[in-house]
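One structure below.
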Amino acid sequence: MTKQFQAIRGMNDILPGESALWQRLETTAREVLAAYGYREIRLPLVEKTELFARSIGEVTDIVEKEMYTFADRNGDSLTLRPEGTAGCVRACVEHGLLHHQTQRLWYAGPMFRYEKPQKGRYRQFHQVGAEAYGMAGPDIDAELICLSARLWRRLGIGDVALELNSLGSSAARAAYRERLVTYLVARRDELDEDSRRRLDANPLRVLDSKNPTMQGVIAEAPSLLDHLDPESRTHFEELKALLDGAGIVYRINPRLVRGLDYYCKTVFEWVTETLGAQGTICAGGRYDGLIEQLGGQAVPGVGFALGLERLVAMLAAAGQPAAEPAPHAYLIAVGDAPQRRGLALAERWRDRLPDLRLRMHCGGGGFKSQFRRADASGARFALILGDDEVAAGTVAIKPLRAAQHEQFTLSEDQVAAYLRAAMLEEPA
């Protein structure tokens with residue numbers, strides 16, 4: 001049979017058998033963010049193209065080559081969001097959330113970039129982002145890093161390392177940029193095609209090249225850390241002291257830059273060697289000038305985004321259970337009267353036991369076929385209703401996983417108490 005329709009390349013379905021890991025990851029992230037006082041903001045998938053051109057930078061790869069941009073019926077240029085920070089800043093400025101107040105916010109959802117699909121890099125990908133506004137000191141930078149470290153511990157992810165750098169102020173970075181360009185121009189013949197293109201548009205991105213033939217040139221390039229302004233140097237030293245005090249292990253990577261123009265001072269990445277080339281699972285930093293650049297007041301900002309696809313891959317590689325929990329019970333009902341009674345009883349039991357996982361058989365079939373479905377579901381018990389049970393106001397219960405499979409009968413009113421006791425015995 002020919003498949004007439006397939007998902008767009010690089011935009012993947014997340015099937016029921018995979019979604020349990022996603023749910024666990026999203027729930028854990030939500031709990032950790034809430035514990036640190038971060039509140040959820042929900043943002044549109046589509047923004048004006050100008051928002052990203054102004055925030056990310058018109059000469060970045062994202063804006064030049066990777067955005068999904070289209071004209072709507074009014075002729076306005078719109079873009080599927082390639083990242084979340086610009087939209088979050090836009091929302092805060094538009095709704096006055098930054099006026100004489102601080103904010104800790106988070107968001108989650110799909111982002112879109114037209115890239116060559118490969119493992120860990122897709123055209124539709126999912127992020128959780130955290131943003132903090134109105135706090136200029138290194139303490140909030142350190143808090144965000146501690147928050148992300150706690151998330152890894154909660155998830156049981158251990159094979160990660162924190163890389164840290166400072167980009168300094170805009171003025172210091174501009175002076176460093178001139179020195180870097182001078183160095184790279186002198187070695188132009190050693191640059192690959194991509195680095196030559198970046199040399200004029202965004203030379204700091206040359207330091208981010210993954211091309212093995214470029215590593216010698218990059219290693220000998222001037223270090224940005226040697227050209228920090230005094231304020232940025234103090235900020236960076238205080239950040240390191242805070243992380244040391246919190247027991248956060250890090251390594252300084254003077255070649256760490258961000259692919260977006262709006263970053264300044266602190267930048268960081270959590271990286272792993274378990275995912276091959278796409279080893280960054282969380283990246284962030286400070287962007288103190290972005291809010292003013294997008295029409296707001298001069299308010300400092302810092303944040304991070306973590307990639308859900310890559311984290312799910314790490315959880316799966318670590319052997320984290322991917323299956324959703326099995327039902328506590330499977331309700332078998334054969335015949336018109338038992339089906340009607342079963343539906344009513346199932347709703348009554350769910351009312352009394354909100355955490356009960358009860359699957360009711362639908363779609364017909366006799367006792368034998370329904371028992372097969374009950375057993376295949378992984379449920380601990382089959383709850384059985386036939387005409388005799390309905391007439392007597394009882395329910396037959398057959399254990400499906402215990403060593404003893406003796407069937408027994410309870411009254412309808414006793415079933416909820418029995419299920420509650422069974423749920424309490426469930427392993428954590």
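A few notes on this one:
- Cβ-based exposure ranking for ILE56, ILE218, ILE62, in which fewest neighbours within 10 Å come first: ILE218, ILE62, ILE56
- Its residues counted as N, the stretch 175-222 yields a C-alpha radius of gyration over 2.2 N^0.38 Å of 0.97.
- Fully extended contour minus Cα-Cα distance, from PHE5 to ARG30, at 0.36 nm per residue: 5.5 nm
- Whole-Å semi-axes of the ellipsoid equivalent to the stretch 329-424 (Cα gyration tensor, √5λ, descending): 17, 16, 13
- Here the simple spin-label model places points 7 Å from the Cα toward Cβ, and for ARG350 and LYS65 these points are separated by 5.1 nm.
- Under DSSP loop assignment and at most 12 Cβ neighbours within 10 Å, longest trypsin sites (Lys or Arg not before Pro)-free interval of the chain: 211-400
- Across the stretch 291-308, computed HN-Hα scalar couplings (Karplus, 6.51 cos²θ - 1.76 cosθ + 1.60, θ = phi - 60°) run 5, 5, 4, 9, x, x, 6, 6, 10, x, x, 8, x, 8, 9, 10, x, 5 Hz from first to last residue, x flagging Gly and Pro.
- The alpha-carbon positions of the stretch 221-265 define a convex hull whose volume is 95 Å³ per residue.
- Whole-number percent relative contact order across the stretch 164-219, with pairs defined as alpha carbons under 8 Å at least 6 apart: 29
- Inter-label distance, nm, simple model (7 Å from Cα along the C-beta direction), GLU115/ASP72: 2.7
- Backbone phi angles across the stretch 69-75, fed through the Karplus curve with coefficients 6.51, -1.76 and 1.60 (θ = phi - 60°), yield HN-Hα couplings of 10, 8, 9, 7, 5, 8, x Hz in residue order; Gly and Pro are listed as x.
- Cα centroid separation, the stretch 160-231 to the stretch 114-157: 24 Å.
- Cα pair distances exceeding 38 angstrom across the chain, given as percent: 39
- Karplus-derived HN-Hα couplings along the stretch 195-202 (A = 6.51, B = -1.76, C = 1.60, θ = phi - 60°), whole Hz, x at Gly and Pro: 5, 5, 5, 6, 4, 8, 8, 7
Since every read-out is calculated from the coordinates, none of them should be taken as a lab result. Being a predicted model, the structure only gives us computed values, none of them experimental. Positions of Cβ are backbone-derived with ideal geometry, glycine not excepted, and every protein chain shown enters the neighbour counts.
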